[in-house]
Amino acid sequence: MARTLSTMLELGTAAPDFTLLDPSAGEMISLADFSTKPIMIVFMCNHCPYVKQLGSALAAFADEYQAKGMAVVAINSNDVDNYPDDSPEKMIDEVKINGYHFPYLYDATQAVARAYKAACTPDFFLFDHEHKLVYRGQFDDARPGNDEPVTGKDLRAAATAVLARQDISAEQVPSMGCNIKWKPGNEPEY
């Protein structure tokens, strides 16, 4: 597993548009579907140990913050030809196993990951009510093998602030995880 840090996209960036398939629901989901809400977008996959470590905590976070009016969307951009555990069929299984009650979308072309400058799994992006980036960073300090509890404290603090329309400190710790598995020849240069 290659430990990779988030690229830390510039705060204030407008959320890049997307329309992607939700394999579990069998429908296309767009950013525009959430135009009246702040939105947290996480790039993740099925097989990454960093994602697996926080699966149940991410499900609980999403349930809690969706009930408060925030949209939550996950996107899998991994190359499924070389990483079949991340296939859309297995994404459906992950939704059931982890109890995800949010869209888990498949970015087959990897264009959406490139637009967000996503680099790792998990890679979190929190956008305000106007869909401007206010937080890109870690869920919390937990990593596989470091014995820190999975609490989501960093993302929770940012999500609470965005819902209250309060400022969020620009001092943010990058997310860390496995690198996105790019298709051969599709590796970004950011």
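Values quoted throughout were computed directly from the atomic coordinates according to the rules given, and no laboratory measurement underlies them. Computed from a predicted structure; not experimentally measured. Every residue, glycine as well, gets a Cβ built from its backbone with ideal geometry; the counts of neighbours run over all protein chains shown.
Key figures
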| quantity | calculated |
| --- | --- |
| Estimated vicinal HN-Hα couplings, Hz - region 44-57 in sequence order (Karplus 6.51, -1.76, 1.60; Gly, Pro = x) | 8, 8, 7, 9, 5, x, 5, 6, 4, 4, 10, x, 5, 5 |
| Unpaired by the 4.7 Å Cβ criterion, cysteines found in the chain | 45, 120 |
| Computed magnitude of the charge dipole of the chain (debye, nearest 20; Cβ of K, R +1, Cβ of D, E -1) | 200 |
| For region 1-47 and region 123-190, distance of Cα centres in Å | 12 |
| Sites matching trypsin sites (Lys or Arg not before Pro) across region 89-190 that sit in DSSP coil, with at most 10 neighbouring C-beta atoms within 10 Å | 165 |
| Cα principal axis extents for region 38-166, largest first, Å | 43, 34, 24 |
| The chain - mean residue ellipticity at 222 nm from DSSP helices (-39,500 (n - 2.57) per run, n ≥ 4, rounded to 500) | -7500 deg cm²/dmol |
| Rh by Kirkwood over Cα pairs, then Stokes-Einstein D for region 94-161 at 1.002 mPa s and 20 °C, µm²/s | 152 |
| Loop-located chymotrypsin sites (Phe, Trp or Tyr not before Pro) in region 1-104 whose Cβ has at most 12 other Cβ within 10 Å (DSSP) | none |
| Peptides ranked, highest mean first, by Cβ atoms within 10 Å: ranges 157-163, 119-125 | 119-125, 157-163 |
| Region 1-104 - Rg over Rh from alpha carbon coordinates, Kirkwood radius | 0.94 |
| Sorted by Cβ density within 10 Å, fewest first, the residues 169, 6, 175 | 169, 6, 175 |
| Ascending count of other beta-carbon atoms within 10 Å, so fewest first, for 58, 133 | 133, 58 |
